[in-house]
Amino acid sequence: MSTSGLELAILGGAPILSEPLSVFHGSLGLIERSAVERVMDSGSLSAFYGSAGPEFFGGEEVRALEAEWSEYFGMRHAVSVNAATSGLIAAMGAIGVSPGDEVIVPPYTMSATAMAPLFYGGIPVFADIEDQTFCLDPAAVEAAINIRTRAIIAVNLFGHPAQISALRAIAEKHRIYLIEDNAQAPLGREGEHLCGTVGHVGIFSLNYHKHIHSGEGGICVTDDDTLANRLRMIRNHAENVADEMGAGDYSNLIGHNFRMSELSAAIARAQLARAEELVRPREHIAESLTDAIDDLEGLTAPKVRPDCRHNYYCWTLRYDSELMGVSRETFSRALTEEGFPHSVGYVEPLYLLPVFRERQAIGRDGFPFNLTNRHYEAGLCPVAERMHFEEVILFEPCAYDVSEDQLEKLANALRKVHKCRVDLRVIDSNE
Ligand SMILES: *Cc1c(COP(=O)(O)O)cnc(C)c1O
């Protein structure tokens, strides 16, 4: 019997959550359904055309989505694309990244953030993150800037704003660009600034894992007319329209097909109209979990910087194995047995991926790494490594339907395993 009178499920006791949480599908409702029907009835699933003329800018739904998105976020331009990944690539092209240019990125993010510069021969340079918010550390960014630096890509990770105003000031000082990867913080905010609106370009994701989604899709926002023009060209076979659209600068204007379909645009419009309603319940789940464990020694709930809004794409617990007296892995296994779905860590710091380790991206000769002496190896960003390999335990509020009853059970599972952690030492010491 346990020292505390409770029996952990991993040691034969009853689990707190006996049924698995159901996958979250609740964000698609009647208005999305009627949006799809509207497009079906129109008979036009896409109206893009890859040469000059009104159809170069897409169909009715695409253009309406862009107008509504730019109004919602208070930006001059919104340019839809078929994924945030494409938006990041288009942004690198638009700002004129050239072979050998360096682009500063965090290592602790979805891989697409760090891959984007490579498509134009740019060199990703990793700067470390802050341990409170997991976002780029402005001091590390400053230290990484040199004459070859073209841009910074900040990620508003897990739904919390990076220090976007400070990073914009750094970018202005060095006359480089700030790009915001805002895939995870659609309604995040730093002070009076909405996430995604502070960088020269901000990129949103409409991927089905995200708060607001349309199957696949992405949106780039910018206040800069030239960048918006270049984004639109790169999205849609730039080479065909460069003259008609008065490009002037033809660099990076071999275009892609990054176009969004009318169906995705119509669904995205419906989702944008009820964005608060989609994001707010995710925040509620996270805030309730935070309240439930805030007093527990050895576990640290996510921190929100003053006057910021955190959208909680992920709820992150930081685990102190010394204070807990038991390894994170054993604690995690016990939590799993109680029925609490989660993961340990997030992604391995990206510089450990083969593309960087082996310096092999485009073609057989190691382009663009053959233009730089930079090497990528373990130890580059110690904070990111500590977060991933030692501290972070992560729950995804966007992935599950959670009732109030289940929410209480999730909290109870955390509190139970924390309370009985001494009982886990036998497992730890057997390993
Ligand atoms: C999901 C995500 C992306 C990629 O978004 P897609 O729309 O799937 O291409 C990029 N960056 C971050 C931080 C993400 O979470």
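The values are calculated or read from the model by the stated rules, or taken from the named source; none is laboratory data. Not measured: the values here are computed from a predicted model. Cβ: placed from backbone, ideal geometry, glycine included. Neighbour counts: every protein chain shown.
Miscellaneous remarks
- With respect to the conditions (1) among the acidic types (D, E); (2) in a helix (DSSP H, G or I); (3) out of contact with any helix residue (DSSP H, G or I) (no Cβ under 8 Å at 6 or more places or on another chain), E19 falls short on a single one, namely (2).
- Residue in region 52-69 that is more than 20 Å from A275 (Cβ to Cβ) and of a type in the set (A, V, I, L, M) present: yes
- Matching residues in region 255-277 - criterion: being part of a helix (DSSP H, G or I), touching a residue at least 40 places away in the same chain (Cβ under 8 Å) and either over 21 Å from the mean Cα position of the chain (by Cα) or farther than 16 Å from G59 by Cβ (or both): E262, L263, A266, A270, Q271, L272, A273, A275, E276
- Residue list for region 183-192, filter: under 25 Å from R33 (Cα atoms) and surrounded by fewer than 24 Cβ atoms within 10 Å (Cβ to Cβ): L187
- Some residue of region 325-348 being in a loop (DSSP other than H, G, I, E, B) and basic (K, R): no
- Screening the candidates T113, T133, T109 for the property of being among the polar types (S, T, N, Q), surrounded by fewer than 24 Cβ atoms within 10 Å (Cβ to Cβ) and within 16 Å of the ligand (Cβ to nearest atom) yields one hit, T133.
- Residues being assigned to a strand (DSSP E or B), small (G, A, S) and modelled with pLDDT of 95 or more are represented in region 154-163 by at least one member.
- Top-ranked residue of region 24-76 - restricted to ones that are surrounded by 15 or more Cβ atoms within 10 Å (Cβ to Cβ) and among the polar types (S, T, N, Q), ranked as farthest from Q406 (Cα to Cα): S46
- Subset of region 168-182 (residues that are β-branched (V, I, T), surrounded by 24 or more Cβ atoms within 10 Å (Cβ to Cβ) and touching a Ser or Thr at 6+ places or on another chain (Cβ under 7 Å)): none
- Residues in region 68-91 that are within 16 Å of the ligand (Cβ to nearest atom) and over 19 Å from N207 (Cβ atoms): 0 in all.
- Test for E244: is it modelled with pLDDT under 95 and either assigned to a loop (DSSP other than H, G, I, E, B) or within 21 Å of F204 (Cα to Cα) (or both): yes
- Within region 193-250, the only residue that satisfies the criterion of being of a type in the set (G, A, S), under 26 Å from I170 (Cβ atoms) and either more than 16 Å from the ligand (Cβ to nearest atom) or surrounded by fewer than 24 Cβ atoms within 10 Å (Cβ to Cβ) (or both) is A228.
- Test: residue in region 285-301 that is in a loop (DSSP other than H, G, I, E, B), more than 21 Å from K409 (Cα to Cα) and in contact (Cβ under 8 Å) with a residue 12 or more places away in the chain: no
- Considering residues of region 167-192 that are assigned to a loop (DSSP other than H, G, I, E, B), small (G, A, S) and out of contact with any Asp or Glu (no Cβ under 6 Å at 6 or more places or on another chain) only, the residue nearest to the ligand (Cβ to nearest atom): A183
- Meets criteria (outside any strand (DSSP E or B) and buried (at least 20 other Cβ atoms within 10 Å of the Cβ)) for F389: no
- As a summary of the residue check, S165 satisfies the conditions (1) of a type outside the set (D, E, K, R); (2) crowded, with 24+ Cβ neighbours inside 10 Å; (3) closer than 15 Å to G202 by Cα except for the one numbered (2).
- Only one entry of A273, A268 meets the criterion of being crowded, with 19+ Cβ neighbours inside 10 Å, among the aliphatic types (A, V, I, L, M) and either within 15 Å of the ligand (Cβ to nearest atom) or at pLDDT 95 or above (or both), and that entry is A268.
- Residue, farthest from I123 (Cα to Cα), within region 143-161, restricted to residues that are among the small types (G, A, S), surrounded by 18 or more Cβ atoms within 10 Å (Cβ to Cβ) and in contact with a Phe, Trp or Tyr (Cβ under 9 Å, 6 or more places away or on another chain): G159
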